[in-house]
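What follows is a single structure, written as structure tokens, with notes after it.
No lab work stands behind these numbers, since they all come straight from the coordinates. Note that this is a predicted model, so its numbers are computed, not measured. Please note: Cβ atoms are built from the backbone with ideal geometry, for glycine as well, and neighbour counts cover all protein chains shown.
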Amino acid sequence: MYDRYLLIMYLTTVFLITSIHNIWFYLLVFQLISIFSFKEFYKLIKKSIFSVLLFNSVVSISHTFINGFDKDYLLLLNLRVFVLTYMTFFIISKINLFKALSFSKNLTTLLVLSYSQILTYKKLFEEFNMALTTRTVKDLKFSDYLNFYGKVFEFFLDKSTKNAKDISDGMRSRGFFDD
Amino acid sequence: MHIPDGFIAPQVYIPMYIVDIGLIIYGFKKLKDNLGKESFPTLSVLSALSFVLMAITFPLPGGTSVHITGITILSVLKGYWVSFVSVSLVLFIQAVVFGEGGVTSFPVNSIGITFIGSVVAYYTFNIFKRFVNRNIAMFMSGWLSLNLSALFIGFILGLQPVIAHDVSGKPLFFPFGFGIAVPAILIPHLFAGLIEGIYTVFIYKVLKSKGLTDV
């Protein structure tokens, strides 16, 4: 239940932050979350800034270039985006999403299965990329990338077909398909 | 094309959540009717596959790069409901587990990139293949699906200052109207769509040569 309450609280705060357009309110929310996250404060700050920097910079610079410097708007927008991102990073590290969404057996099963597959594929994909990088001495042409990612897709498609069968067999043997 | 949190007004993301959840439930029910309980393993591995496809990045001159969506391949090979539900799952996991994308922008990304992309890809291929070579149909499918998704995202962003502004007319969320938002999103995607189209054709040719698809 703790995870579910935390998720509801998080979603309510997201709604409030996007409904109340006041920088003092954002600062208050940020201060409160900072107190709870003081142990990871610098790590979260760094991660949040890095995550929003590109999109926010493009929007802020373009807005200033087109409409002139508008301190109030830029502060409101950037602070809102930053607080939302900081809060999201903090909450996802504290919440067990699978427990929070356990009200639906189908949803939890699908999420657990997909998440575990994604983690496996992600690791394998990173290894493929590392293998390419470490075996490359000169710049690759577009056609080389095309061939490489073509093989990568083939590998993962084949793996998906086999994994789907394995998971299905595993679920059946554990009685998941028995109604 | 992913929009971070804080740029979309609740007047937009709340109704879009309702529509998106409705579409996902409907899509999932359709898959369950077709595949039965096998839909769980199938969707989970296809989600992982689309995660990998979205991570594929082609370097461009000048140090930039373009990543593909892979939606066309999934949609044409497996059908648009499979593609929509599995890629939406990936976007959801990226937003709430990895903290990439955003919770408030999730329905916009899901409907724009995934639903529109999948439906456009599927029908473009199936209509064009009657008139032109299948490779050309596949290329058109990849290019058009990406660009219509981008057009939708640009439209949603451009809508923000129109519906969410203060009493003096100052925007509260994304600041640019249609005149700037739509071309700013669409123009880079006209080129990114070429890469998506080329990669889609390449994959299609490989699968065809190995007899792995009868599409």
Isotropic mean projected area of the C-alpha convex hull, chain B (nm²): 13.1 nm²
Between 0 and 90°, nearest 10: helix A:23-36 axis offset from chain A longest Cα axis: 50 degrees
Out of residues 5 or more away from B:VAL66 or on other chains, whose amide H comes under 5 Å of its own, with H placed 1.01 Å from N in the peptide plane? B:PHE58, B:LEU60
How big is the charge dipole of the stretch A:42-179 about its Cα centre, in debye rounded to the nearest 20, if each Lys and Arg gets +1 on its Cβ and each Asp and Glu gets -1 on its Cβ? 380 debye
Karplus couplings for the stretch A:102-107 from phi (6.51 cos²θ - 1.76 cosθ + 1.60, θ = phi - 60°), rounded to Hz, Gly and Pro as x? 6, 5, 10, 5, 4, 5
Ordered by residue, what ³J(HN,Hα) values in Hz, to whole numbers, does the stretch B:64-78 give under the Karplus form 6.51 cos²θ - 1.76 cosθ + 1.60, where θ = phi - 60° and Gly and Pro are x? 8, 8, 10, 9, 8, 9, x, 5, 4, 4, 4, 5, 5, 6, 10
Hey, if you put +1 on the Cβ of every Lys and Arg and -1 on every Asp and Glu Cβ in chain B, which of B:VAL215, B:GLY36, B:ILE203 ends up farthest toward the positive end of that dipole? B:VAL215
For n ≥ 4 DSSP H runs only, could you compute -39500 (n - 2.57) per run for the protein assembly as shown, divide by its residues and tell me the 222 nm figure to the nearest 500? -25500 deg cm²/dmol
For A:LEU77, net neighbour charge (Lys/Arg +1, Asp/Glu -1) across residues whose Cβ lies under 12 Å away: 0
Relative to the compact-globule estimate 2.2 N^0.38 Å (N residues), the Cα gyration radius of the stretch B:70-175 stands at a ratio of 1.26
Please give the helix B:117-128 orientation as an angle from the longest Cα principal axis of chain B, in degrees from 0 to 90, rounded to the nearest 10. 50 degrees
Note on the protein assembly as shown: the mean projected area of its alpha-carbon convex hull, in nm², is 21.4 nm²
With 27 Å as the limit, write out which pairs from A:LYS94/A:LYS165; A:LYS39/A:LYS122; A:LYS162/B:LYS30 have Cα-Cα distances beyond it, or answer none. A:LYS94/A:LYS165; A:LYS39/A:LYS122
Across peptide B:167-174, what mean number of C-beta atoms from other chains lies inside 10 Å of a residue's C-beta? 3
Can you pull the mean other chain C-beta count within 10 Å for peptide B:31-43? 5
Average beta carbon contacts from partner chains per residue of A:162-169, 10 Å cutoff: 4
Principal axis dimensions, the stretch B:6-107 - Cα atoms, whole angstrom, descending: 48, 35, 23
Under the Debye formula (equal points on every Cα, no solvent term), log10 I(q)/I(0) of chain A at q = 0.08 Å⁻¹: -0.46
Residue separation between A:MET130 and A:LYS43 times 0.36 nm, minus their alpha-carbon distance, gives in nm 28.7 nm
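Could you order the peptides B:197-206, B:81-90, B:119-128 from most to least packed, using the average number of other C-beta atoms within 10 Å per residue?
Highest-to-lowest ranking by the protection proxy: B:81-90, B:197-206, B:119-128.
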Along the stretch B:157-170, what does the Karplus equation 6.51 cos²θ - 1.76 cosθ + 1.60 (θ = phi - 60°) give for ³J(HN,Hα), rounded to whole Hz, x for Gly and Pro? 5, x, 6, 4, x, 6, 9, 10, 8, 7, 4, 8, x, 6
